[in-house]
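My structure is below; once you've seen it, I'll send some questions.
Derivation of every value follows stated rules applied to the coordinates shown; laboratory data play no part. Quick caveat, the model's predicted, so the values are computed rather than measured. Heads up, the Cβs are rebuilt from the backbone with ideal geometry, glycines too, and the neighbour counts pull from every protein chain shown.
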Amino acid sequence: MEAILRRVRMGGRSGFTLIEVLLVVVIIGILVGVAIPRLGGRVREAEISRARADIQSIGLALRMYELDNGEYPSNLDALVSNPGGLRRWNGPYLEGGLPEDPWGRAYQYSRTDTSYRLRSLGPDGVESDADITN
């Protein structure tokens, strides 16, 4: 406390010099430059994880539909609204409508006699090994 009073009495100035402020700005810039690329990879991982979770929940709804009706639906819309003519439809099997994948595209669905295929084209948007499937 005495040091502060002494400085005030002597007319000493307190504060940061321009070099100190510039040094802090440079350090913050370096930290941001290191952190941003690491966070960018996390966003992509989170999107892929969300697509996998969506596929699992749609898959569960498809299996519930199949248990009620004896076959998988011809399209995913049947999980949200009764396609008509189904007495044992106990839906909606998906609340809130059909989700889109994290990249804004519809999930692709096809069925066979005994199974189904559900997938997202992934971040690149084209059919490739990067697709996320059930």
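Per 0.36 nm of contour for each residue apart, how much would the distance between SER74 and VAL32 grow if the chain were fully extended, relative to their Cα-Cα spacing?
10.2 nm
Continuing with this model, one more query. Apply the Karplus parameterisation 6.51 cos²θ - 1.76 cosθ + 1.60, with θ equal to phi minus 60°, to every residue of the stretch 59-76 and state each ³J(HN,Hα) to the nearest whole Hz, in sequence, with x for glycine and proline.
Result, ordered by residue: x, 5, 5, 5, 5, 5, 4, 5, 5, 6, 10, x, 7, 6, x, 6, 8, 6 Hz.
Give the relative contact order (percent, whole number) for the stretch 48-106; include only Cα pairs under 8 Å separated by 6+ residues.
RCO, the stretch 48-106: 34 percent.
Just grab the label-to-label distance for SER115 and ARG44, each label 7 Å out from Cα along the Cβ direction, in nm (one decimal).
2.9 nm
Considering the dipole of the chain built from charges on the beta carbon (Lys and Arg +1, Asp and Glu -1) around the Cα centre, which of VAL21, LEU86, VAL32 is farthest to its positive end?
Checking the options against the dipole of the chain, the answer is VAL21.
At GLU95 and ASP131, where each label point lies 7 Å from the Cα along Cα→Cβ, what is the point-to-point distance in nanometres?
Result for the modelled spin labels: 3.1 nm.
Which of the peptides 26-32, 96-102, 128-134 is most tightly packed, and how do the rest follow, judged by the mean count of other Cβ atoms within 10 Å per residue?
96-102, 128-134, 26-32
Kindly provide the trypsin sites (Lys or Arg not before Pro) of the stretch 79-134 that DSSP labels as loop, not H, G, I, E or B, and whose Cβ sees at most 14 other Cβ atoms within 10 Å.
ARG87, ARG88, ARG105
If you don't mind, another one. Give the value in nm², to one decimal: projected area of the alpha carbon convex hull of the stretch 33-82, averaged over all directions.
4.2 nm²
Okay, moving on. I need the phi-derived Karplus couplings for the stretch 83-93: 6.51 cos²θ - 1.76 cosθ + 1.60, θ = phi - 60°, integer Hz, Gly and Pro marked x.
x, x, x, 9, 6, 9, 5, 10, x, x, 8
Taking only C-alpha pairs under 8 Å that are 6+ residues apart, what is the relative contact order of the chain in percent?
Relative contact order comes out at 18 percent.
Computed over the Cα atoms of the chain, what is the ratio Rg over Rh, Rh following Kirkwood?
Value, to two decimals: 1.47.
Here's a follow-up. With +1 on each Lys and Arg Cβ and -1 on each Asp and Glu Cβ, how big is the dipole of the chain about its Cα centre, in debye rounded to the nearest 20?
For this selection, approximately 980 debye.
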